[in-house]
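Peer 1: Sharing a structure here in structure tokens format.
The values are calculated or read from the model by the stated rules, or taken from the named source; none is laboratory data. Here the structure is a predicted model, which means the values were calculated and not measured. Cβ sites come from the backbone with ideal geometry, for glycine too, and all protein chains shown count toward neighbours. All accessible areas refer to the heavy atoms of the entire protein, side chains included, with ligands and DNA or RNA removed. Shrake-Rupley method; radii C 1.70, N 1.55, O 1.52, S 1.80 Å.
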Amino acid sequence: MKKEKRALTEGQVEKLQAVKDTLKSLIFPLILVAVIAIAVYLIIHFVNPVAETEPVAPYGYSGEGEAIVVESDDLVFTMDPTTTLFTVEQKSTGKIWNSYITDAESDGVALGNEKARMQSNVILSYAVTNGLETVFDSKSFSVDKGIYEIKTEGNTVKVFYSLGNVEREYVIPTVIRATDFEAYLEQMESSYKSAAKDFYKKYDINKLKKSDDKTALLENYPILETEPIYVLRDTVTEVRKQKLEDGFASVGYTYDLYLADKELDLSSSTSDNPVFNMEMDFTVDGNELIVEVPFDSIEYDPQYPVYTVTPLPYFGAGSKEDTGFVFVPEGGGAVINYNNGKTSQSDYYANVYGWDMDLRRDYVIHNTRAYFNVFGQSCDDSSYICIMEDGSSYGAVQASVSGKANSYNFVDAKYSLCSREKYNIGEIANSDVYAYLTGLPEGEKIVQRYCFIDSSDYVDMAYAYRGYLEEKYGQYMSLNTDTQAPVSVEIVGAIDKVQQVVGVPVSLPLKLTTFDEATEIIKDLDSQNIGNLSVKLTGWCNGGVNQKLLKNIRLVSALGSKKDLNELSKTAKDLGVELYLDGITQYAHRSNIFNGFFSYRDAARLLTKERAELYRFSHITYKAREGFKSYYLLHTPLAMKMADNLVDEAVKYGTGVSFQDIGMDLSSDFYRKDYHSREKTKSLNEELLKTLDDRGANLMINMGNDYAVPYADMVTNMELKGSGYTIIDAEVPFYQIAIHGYIDYTGNPINICGNDEEELLRSVEYGAGLNFTIMKESSFVLQKTLYPEYYGSEYASWRDRMIEMCSRYNTELGNTFNQEMTDHEVINDYVRSTSYADGTTVYVNYSFSDEYTAPDGTVVGPRDYAVAR
């Protein structure tokens with residue numbers, strides 16, 4: 001009998017329909033989740049695939065024996081092989097510099113991890129895909145584990161560190177054939193023989209005990225099936241393993257034999273903990289200690305890329321009882337006094353050569369920058385400077401005072417090796433995902449040169465740096481023959497402004513100074529005898545100041561013709577004025593295919609393989625500035641080609657060339673098939689400038705990164721004071737002492753810097769030339785443009801004051817610009833003095849109210865300067 005189908009009630013139908021609707025509504029979200037999961041998986045595993053590699057094998061321990069001593073006529077280098085820590089003694093003064101903190105363990109401020117770092121020669125950090133960073137120090141993760149080796153070659157001591165959270169590897173067999181073991185026993189001394197018998201257990205397949213797991217034994221030691229073996233007991237302590245190692249070594253047991261026996265043991269498992277190998281070389285040369293870390297020596301699992309390396313983090317650190325200071329490369333240089341009590345202030349940190357523009361930023365609160373590669377310390381009657389040579393572009397200088405992380409004052413350099421970039425994956429993942437540089441640049445290395453000085457004065461430290469520059473650059477660092485003060489005038493040709501064309505808003509060039517007007521300005525200024533005049537012409541081509549790609553260079557027609565520009569060049573030459581055509585060579589602003597720029601082909605690449613798209617950032621919101629379009633960092637070979645194009649154009653018009661970016665900005669390029677490291681780009685830029693200098697070209701650069709300065713005729717917009725970190729106690733002209741009289745340089749434009757009086761006084765103190773930015777048009781034309789920085793540049797408004805300022809400057813100080821700077825003194829909170837080789841001394845008074853009377857009777861009014869001869 002068939003059962004009758006029961007009809008569904010209306011309520012049941014509604015419930016069933018609701019279930020169907022719910023399932024339907026989940027289909028799309030489930031598909032979306034699956035797509036997201038696949039996308040994240042592909043990003044992590046395939047965008048930067050990591051090849052399977054052999055585990056990094058740690059070094060064996062060789063830290064025994066007597067102290068290692070390397071000596072020169074000036075220094076004594078002594079290393080303790082049991083710790084790898086060392087001292088450097090200056091023979092002339094008896095000063096001893098330690099590579100570590102001698103009483104770190106008793107420091108009441110430092111925590112446990114910090115104490116270990118205070119006793120380490122190197123600190124290394126690594127990171128993983130989610131950005132988590134882990135720090136290893138050489139004491140806890142290498143020396144204490146005995147996984148390092150030391151070799152001496154002439155005047156060089158090489159230390160090979162393995163850093164990792166691993167047990168020390170002892171050269172003793174964990175499994176060995178019975179015949180071999182018993183043969184070794186016959187040769188051992190009685191104490192070693194007794195220990196070996198106690199610490200090894202014999203297994204014979206035919207004589208196993210009931211408690212022995214035959215299956216497990218054969219699985220772990222297959223050799224047992226054919227012959228008896230001895231197996232090291234699990235309970236053997238580290239001390240007993242050391243005794244066994246000594247015993248086996250005494251009868252000729254080698255590392256190769258150990259590796260052969262290791263093959264018999266299938267029970268051994270490889271640790272998943274990352275291990276890093278690296279080499280540090282210490283070379284004594286005269287009064288210098290040269291420390292090197294070759295990149296080719298750094299071994300690591302690509303799954304754990306080396307993120308940062310900090311060599312000698314506490315070298316020469318000053319205690320609370322010491323008197324001295326830390327020197328940092330902020331602005332022209334800065335001093336942080338030992339124990340200054342500024343423990344609530346941020347530590348000092350500055351990227352050498354500024355930010356790598358091929359690394360993405362979403363916000364910019366403060367741009368840290370050091371344009372020269374020196375830091376150091378002064379203590380008692382001695383000092384040292386550390387010159388960051390190879391690898392400097394990866395480095396950042398950091399410093400702190402006692403009472404913060406520990407009780408010491410220190411400065412060091414931290415190098416970013418495997419750069420990283422966060423993927424822009426929005427909210428599709430619960431954690432951040434990072435891409436890392438997949439390998440270190442071949443053949444590169446970190447080199448730090450410590451130069452020891454028999455003086456505690458920062459002036460003498462600057463002299464030592466000057467001597468280094470003269471030796472390194474030779475003819476490119478020679479005293480000039482200037483008899484007048486250098487004056488740099490930037491004449492702004494055109495900017496871009498949105499204008500109406502047939503009712504359509506279009507960005508067009510807006511003239512500020514024509515070529516003819518620039519010619520008249522140069523004639524006017526030259527007639528006033530204001531000094532050694534150099535003129536930089538900006539905004540003269542390809543749309544104006546915010547210049548388009550220099551693939552095809554076209555004059556801004558509103559400024560005049562080629563004939564007009566030639567006439568400007570001829571007039572400048574006839575008057576003895578150096579004229580420079582300024583250009584942007586590393587970036588593409590407002591450029592598209594019609595300008596010869598195709599971003600997918602021509603832009604540099606981020607680590608994520610995205611195009612290097614850049615933004616201007618607001619000083620108020622710290623975000624991308626509204627109104628300005630994004631622009632692109634150029635692929636390095638294309639950037640070098642743009643530099644060549646600019647040079648060719650300058651040659652055509654008979655002028656010098658001004659690079660707006662080369663010598664100031666320095667970037668990597670992670671183009672997949674044409675990778676350029678930051679160091680490689682630095683070498684290309686330096687070679688370009690050197691070649692142009694050899695050809696006799698006149699060169700002008702901005703800011704003045706140290707590798708570019710020796711080849712330049714003029715450096716403009718050099719940061720004299722720096723950012724004003726509150727941890728700093730005094731700004732000093734360290735870099736200017738080193739180069740004054742050899743290279744002409746200026747600070748920021750006096751008339752548009754925001755504080756013209758302060759900038760003038762700073763220029764006087766730092767021996768800088770004067771710098772101005774001018775335009776012929778009235779400031780009113782800048783309304784409704786994106787260039788408010790030029791509001792103070794109207795020539796008519798500034799002409800008389802500029803001439804008065806330059807004329808006085810040239811009359812009183814013009815004789816000093818072919819002289820070396822011989823002294824500088826911070827007299828009090830407001831007064832500074834600078835002296836020159838010909839006996840000239842200039843006093844600068846920054847006070848707003850008090851005048852100052854010098855010991856020689858010179859009186860300096862408030863906010864003024866005075867010269868004594």
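Peer 1: Quick one: dipole size for segment 287-341, taken about the Cα centre, charges +1 on Lys/Arg Cβ and -1 on Asp/Glu Cβ, in debye to the nearest 20.
Peer 2: 280 debye
Peer 1: I've got another one for you. Would you mind calculating the relative contact order of the chain from Cα pairs under 8 angstrom and at least 6 residues apart, reporting the percent as a whole number?
Peer 2: Normalised by residue count, the contact order of the chain is 11 percent.
Peer 1: Each residue of segment 720-734 in order: what ³J(HN,Hα) in whole Hz does its phi give by Karplus 6.51 cos²θ - 1.76 cosθ + 1.60, θ = phi - 60°, with x for Gly and Pro?
Peer 2: For segment 720-734, the Karplus-derived couplings read 7, 8, x, 8, x, 4, 6, 6, 6, 9, 7, 8, 9, x, 4 Hz, x marking Gly and Pro.
Peer 1: Shape of segment 402-504 from its Cα gyration tensor (a ≥ b ≥ c, root eigenvalues): rounded if a/c is under 1.5, otherwise prolate when a/b > b/c, or oblate?
Peer 2: oblate
Peer 1: Nothing charged except the Cβ atoms of Lys and Arg (+1) and of Asp and Glu (-1): what's the magnitude of the dipole of segment 376-484 about its Cα centre? Round to the nearest 20 debye.
Peer 2: Using only the charged Cβ atoms, the result is roughly 360 debye.
Peer 1: Send over the semi-axes of segment 761-869's equivalent ellipsoid, whole angstrom and largest first, taken as the square roots of 5 times the C-alpha gyration tensor eigenvalues.
Peer 2: 33, 16, 12
Peer 1: Of the listed values (1) 116, 79, 50; (2) 105, 78, 49; (3) 110, 106, 50, identify the label whose number matches Cα extents along the principal axes in Å calculated from this model.
Peer 2: So the structure-derived entry is (3).
Peer 1: Then there is this: Could you work out the pair-distance distribution P(r) of segment 281-339 from its alpha-carbon pairs, with 5 angstrom bin width and percents rounded to whole numbers?
Peer 2: Result, from short to long distances: 4, 11, 14, 16, 18, 16, 10, 8, 2, 0 percent.
Peer 1: If you don't mind, another one. Pull up the DSSP beta bridges for the chain and report the antiparallel fraction as a percent, rounded to 5.
Peer 2: Restricted to the chain, the bridges split so that about 80 percent are antiparallel.
Peer 1: Tell me, what is the per residue accessible area of segment 747-869 in Å², probe radius 1.4 Å?
Peer 2: In whole numbers, segment 747-869 has 42 Å² accessible per residue.
Peer 1: For segment 544-679, report the accessible area per residue in Å² (1.4 Å probe, heavy atoms, rounded to an integer).
Peer 2: Here the residues of segment 544-679 average 45 Å² of exposed surface.
Peer 1: By average Cβ neighbour count within 10 Å, what is the ranking of 567-576, 286-295 from highest down?
Peer 2: Order by mean packing, descending: 286-295, 567-576.
Peer 1: Among Cys753, Cys451, what's the order by accessible area (1.4 angstrom probe), most exposed first?
Peer 2: Highest to lowest solvent-accessible surface, that is Cys753, Cys451.
Peer 1: Pop out the carbon and sulfur fraction of the accessible area of the chain as a percent, whole number, probe 1.4 Å.
Peer 2: After summing per-atom areas, the C and S share lands at 49 percent.
Peer 1: From the phi of every residue in segment 790-799, what ³J(HN,Hα) in whole Hz does the Karplus formula 6.51 cos²θ - 1.76 cosθ + 1.60 yield, where θ is phi - 60° and glycine or proline is x?
Peer 2: 9, 4, x, 9, 5, 4, 4, 6, 9, 3
Peer 1: Could you give each residue of segment 703-715 its phi-based ³J(HN,Hα) in whole Hz, using Karplus coefficients 6.51, -1.76, 1.60 with θ = phi - 60°, and x for Gly or Pro?
Peer 2: 6, x, 4, 4, 6, 9, 4, x, 9, 8, 8, 8, 10
Peer 1: OK, next. Averaged over all directions, how much area does the convex hull of the C-alpha atoms of segment 766-821 cover when projected, in nm²?
Peer 2: One quarter of the hull surface, i.e. the mean projection, equals 5.0 nm².
Peer 1: To the nearest 10 degrees, how steeply does helix 178-187 sit against the main Cα axis of the chain, on a 0 to 90 scale?
Peer 2: Tilt relative to the chain: about 80 degrees.
Peer 1: Using amide H atoms built in the peptide plane, which far-off residues or other-chain residues are under 5 Å from Gly131 H to H?
Peer 2: Hits under the 5 Å cutoff: Tyr434.
Peer 1: Then there's this: Given the options Thr481, Ser456, Ile365, identify the residue whose Cα lies farthest towards the positive end of the charge dipole of segment 350-494 (+1 on Cβ of Lys, Arg; -1 on Cβ of Asp, Glu).
Peer 2: Among Thr481, Ser456, Ile365, the one farthest towards the positive end of the dipole of segment 350-494 is Ile365.
Peer 1: Using alpha carbon coordinates only, what is the Rg to Rh ratio of segment 669-777, with Rh defined as the Kirkwood radius?
Peer 2: 1.05
Peer 1: In Å², what does the accessible area per residue of segment 410-501 work out to with a 1.4 Å probe?
Peer 2: In whole numbers, segment 410-501 has 42 Å² accessible per residue.
Peer 1: Could I ask something else about it? Can you show me the helix-derived [θ] at 222 nm for the chain, built from DSSP H runs with n ≥ 4 at -39,500 (n - 2.57) apiece and divided by the number of residues, rounded to the nearest 500.
Peer 2: -7500 deg cm²/dmol
Peer 1: With +1 on the Cβ of every Lys and Arg and -1 on the Cβ of every Asp and Glu, and nothing else charged, how large is the dipole of segment 503-641 about its Cα centre, in debye rounded to the nearest 20?
Peer 2: Charge dipole of segment 503-641: 860 debye, to the nearest 20.
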